[in-house]
Amino acid sequence: MKTRGGAAVGCDCSVIHKDIVEQVAALMPKDEILFDLAELFKVFGDSTRAKILCALFRSRMCVCDIAALLGMTKSAISHQLRVLKQAKLVKYKKEGKVVYYSLEDDHIKNIFDQAFAHIVE
């Protein structure tokens with residue numbers, strides 16, 4: 001394997017391990033699933049949305065509360081919540097004139113917990 005500055009940059013082998021390639025190919029998710037996964041990670045890739053999700057891990061909240069917590073405008077928070085709703089990461093419930101946001105399900109918290117564990121290793 002060639003290295004550049006100590007980092008591997010490619011494979012010099014001329015043998016294709018057909019059995020491994022076929023085995024892994026059979027286990028690969030469909031392209032549509034991988035596209036959806038990449039889109040999900042794009043949503044997680046914004047620090048404001050990450051902050052909103054972290055807040056919602058603790059409690060359901062309305063736009064005004066989230067805006068006050070993060071020191072942002074209600075409009076900015078509403079925009080980010082719309083993105084999170086479209087990604088099916090948050091849900092809302094209207095009670096009177098107030099709309100409360102919460103996590104769609106526990107999977108979101110599990111994803112964050114795994115990411116945090118990876119970061120602090």
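When each of Met28, Met61 is scored by the number of other beta-carbon atoms lying within 10 Å, the sequence from fewest to most is Met28, Met61. Averaging sequence separations of C-alpha pairs under 8 Å and six or more residues apart, then dividing by the length of the chain, give the relative contact order as a whole percent. It comes to 18 percent, rounded to a whole number. Note on the stretch 26-121: Cα Rg divided by 2.2 N^0.38 Å, N the number of residues, gives 1.18.
Relative to a virtual label point 7 Å from the Cα of Lys93 in the Cα→beta-carbon direction, which members of the stretch 45-64 show backbone nitrogen distances below 20 Å? Inside the label zone: 53-64.
Put a dot 7 Å past the Cα of Asp106, heading toward its Cβ, do the same for Glu39, and the two dots end up 2.7 nm apart.
For the listed residue pairs Lys42/Lys88; Lys30/Lys109; Lys42/Lys74; Lys51/Lys91; Lys42/Lys93, the alpha carbons are over 18 angstrom apart in Lys30/Lys109; Lys42/Lys74; Lys42/Lys93.
Sorted ascending by nearby beta carbons within 10 Å, beginning with the fewest, Phe57, Phe116 become Phe116, Phe57. Placing +1 on the Cβ of each Lys and Arg and -1 on the Cβ of each Asp and Glu in the stretch 31-121, which of Ile119, Ser102, Leu34 has its Cα farthest towards the positive end of the resulting dipole? Positive-most Cα among the choices belongs to Ser102.
Helical runs assigned H by DSSP (4 residues or longer) give the chain a calculated mean residue ellipticity at 222 nm of -18000 deg cm²/dmol, each run adding -39500 (n - 2.57) before division by the residue total.
The residue among Val15, Leu81, Cys64 whose Cα reaches farthest toward the positive pole of the charge dipole of the chain, with charges on the beta-carbon of Lys, Arg, Asp and Glu, is Cys64.
Here, each number is a calculation from the coordinates, and none is a lab measurement. The shown structure was predicted, so the numbers you read here are calculated from the model rather than taken from an experiment. As a convention, Cβ positions derive from the backbone with ideal geometry for all residues, glycine included, and neighbour counts pool all protein chains shown.
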